[in-house]
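Structure record follows, encoded as structure tokens.
The values are calculated or read from the model by the stated rules, or taken from the named source; none is laboratory data. Just so it is clear, the model here is predicted, and its values are computed rather than measured. Because the Cβ atoms are built from the backbone with ideal geometry, glycine has one as well, and the counts that use them run over all protein chains shown.
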Amino acid sequence: MKPSNEALIQACRQGDETAWETLVRRYERLVFSIPRKAGLDQERSAEVFQQVFATLVEHLDRIEQPDRIAAWLVTTTRRETWRFSQREPVTQPLDDDRVSEAQYLTSNDPLPDKVLQQLEEQNEIHLALAELDGRCRRLLNLLFFRPDPPSYAEIAAEMDISEGSIGPTRIRCLKKLRRLLGKSDRF
């Protein structure tokens, strides 16, 4: 069973490095996705990421609601993204979806609950995927996380399995993923 955010924060306050690593791993995708969606490149997004977690270390003893650490991280990341983009203008062109997301990220208004919930759910799914065995993780990534999903023939060749076994294997892997997500209090 994975530790609660409250338990992790408490352990981090006591200097537990394993708890800190767990906390960072739990939220790294969520934190990194915000500056990327706002149009910052990989390098600048990494700088925002580092600053957010440095800020968390500085404020660890002042976190009053450890169960809301995700919201704190999103708000802090949004602010750091805005500050960083004020120093160095965004050079990546934004498509229409990213422009509307960037408006949320550079605004002082609270992040809409729907967007926050979506980011947290995506993070939970990626964490659950990481817990799957290599074969399931690889198959689900091929099927669902590629911009242009490969055909069953291509998947079969890449995974060295028969095309006919892809469907049943996919079902088993999705069941495993659902069980992992069922352990989460979100799903």
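Take VAL52 and tell me if it is outside any loop (DSSP other than H, G, I, E, B), closer than 27 Å to GLU131 by Cα, modelled with pLDDT of 90 or more and in contact with a Ser or Thr (Cβ under 7 Å, 6 or more places away or on another chain). Yes, satisfied. The test for being β-branched (Val, Ile, Thr) and crowded, with 19+ Cβ neighbours inside 10 Å does not hold for VAL57.
Residues that are in contact with a Leu (Cβ under 9 Å, 6 or more places away or on another chain), among the β-branched types (Val, Ile, Thr) and either closer than 17 Å to ALA128 by Cα or surrounded by fewer than 16 Cβ atoms within 10 Å (Cβ to Cβ) (or both): does segment 156-164 have at least one? Looking for residues that are in contact with a Leu (Cβ under 9 Å, 6 or more places away or on another chain), among the β-branched types (Val, Ile, Thr) and either closer than 17 Å to ALA128 by Cα or surrounded by fewer than 16 Cβ atoms within 10 Å (Cβ to Cβ) (or both), one finds at least one in segment 156-164, hence yes.
Could you grab me the full set of residues in segment 111-126 that are of a type in the set (Asp, Glu), more than 19 Å from ARG179 (Cβ to Cβ) and at pLDDT 65 or above?
Pass one, segment 111-126, residues of a type in the set (Asp, Glu): 113, 120-121, 124.
Filter once more, so that each one left must be more than 19 Å from ARG179 (Cβ to Cβ): 113, 120.
Correct list: GLU120 only.
Kindly evaluate LEU8 against the criterion of being in contact with a Ser or Thr (Cβ under 7 Å, 6 or more places away or on another chain), farther than 18 Å from ASP67 by Cβ and in contact (Cβ under 8 Å) with a residue 12 or more places away in the chain. It is false that LEU8 is in contact with a Ser or Thr (Cβ under 7 Å, 6 or more places away or on another chain), farther than 18 Å from ASP67 by Cβ and in contact (Cβ under 8 Å) with a residue 12 or more places away in the chain.
So, in segment 3-21, of the ones that are outside any helix (DSSP H, G or I) and in contact with a helix residue (DSSP H, G or I) (Cβ under 9 Å, 6 or more places away or on another chain), which residue ends up farthest from TRP72 (Cα to Cα)? Write out each step before concluding.
Just the residues of segment 3-21 that are outside any helix (DSSP H, G or I), to begin with: 3-4, 14-16.
Adding the requirement that they be in contact with a helix residue (DSSP H, G or I) (Cβ under 9 Å, 6 or more places away or on another chain) leaves 3-4, 16.
Numbers: PRO3: 18, SER4: 16, ASP16: 21 Å.
Result: ASP16.
Of VAL74, VAL57, which residue is farther than 16 Å from ASN123 by Cβ and among the hydrophobic types (A, V, I, L, M, F, W, C)?
Values: VAL74 fails: farther than 16 Å from ASN123 by Cβ.
Among VAL74, VAL57, only VAL57 is farther than 16 Å from ASN123 by Cβ and among the hydrophobic types (A, V, I, L, M, F, W, C).
Tell me which residues, restricted to segment 127-154, are farther than 28 Å from GLY182 by Cα and either assigned to a loop (DSSP other than H, G, I, E, B) or in contact with a helix residue (DSSP H, G or I) (Cβ under 7 Å, 6 or more places away or on another chain) (or both).
Start the filter on segment 127-154 by keeping residues that are farther than 28 Å from GLY182 by Cα, which leaves 148, 150-154.
Result: ASP148, PRO150, SER151, TYR152, ALA153.
Could you go through segment 85-104 and let me know if any residue there is assigned by TED's automatic domain parsing to the domain that holds LEU30, outside any helix (DSSP H, G or I), of a type outside the set (S, T, N, Q) and at pLDDT 85 or above.
Let us first name the residues in segment 85-104 that are assigned by TED's automatic domain parsing to the domain that holds LEU30, namely 85-104.
Okay, now just the ones that are also outside any helix (DSSP H, G or I), so 88-95.
Narrowing the set further to residues that are of a type outside the set (S, T, N, Q) leaves 88-90, 93-95.
From the residues that got through so far, the ones that are at pLDDT 85 or above too are none.
Looking for residues that are assigned by TED's automatic domain parsing to the domain that holds LEU30, outside any helix (DSSP H, G or I), of a type outside the set (S, T, N, Q) and at pLDDT 85 or above, one finds none in segment 85-104, hence no.
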